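For reference, the structure is listed below as structure tokens.
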Amino acid sequence: MRKIFKFLMLGLFFGGLCSCATIMKDGTQLVPVNSNEEKVDIKVTNKEGFVVFQGQTPTTLNLKTAVDGGYFSPEQYKIVASKEGFKTETAVIDWYVSAWYPGNIIFGGLIGLLIVDPISGDMYCLDDKVYLNMTPIEQ
């Protein structure tokens with residue numbers, strides 16, 4: 001019984017040195033982008049307005065979930081889609097708090113909740129996918 005108690009205490013101690021979302025994620029996320037038309041030109045900008053991707057659909061983007069060097073700073077992306085003969089469409093890739101983040105209450109403690117996960121950005125997730133519905137221009 002005493003060995004089990006020591007083992008559990010060591011597990012809680014070392015578990016408290018890390019954080020839950022950071023263990024499960026790496027600060028980036030793959031986001032597939034598709035549309036109802038092939039070869040739609042897209043331009044993706046981050047929260048600060050910098051272009052992070054320019055290309056065509058279908059594609060999969062590898063995006064950061066948080067602003068570099070930010071503290072409690074989730075990233076958000078804007079997609080502008082265009083194709084000749086179609087209206088220009090915009091979409092937003094928004095963020096939400098990872099389901100792993102509350103695990104810090106048990107495993108990461110205050111260090112995970114207030115320092116590691118917020119700085120690493122691993123406490124955030126992005127929308128799982130984007131679908132662009134291109135509308136033809138009326139003649």
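If R0 is 22 Å, what FRET efficiency do you get for V97 and F53 from their C-beta distance, rounded to 0.05?
Using R0 = 22 Å, I get an efficiency of 0.35.
In nm, to one decimal, how far is the modelled label at E138 from the one at N34, with both set 7 Å along Cα→Cβ?
Modelled inter-label distance: 2.9 nm.
So if each residue of separation counts as 0.36 nm, and I subtract the Cα-Cα distance between T90 and Q76, what length gain in nm does that give?
3.7 nm
All of the numbers you see were taken from the coordinates with simple rules; none came from a lab. Because the structure is a prediction, the values reported are computed rather than measured. Note that we place each Cβ from the backbone using ideal geometry, even for glycine, and neighbour counts take in every protein chain shown.
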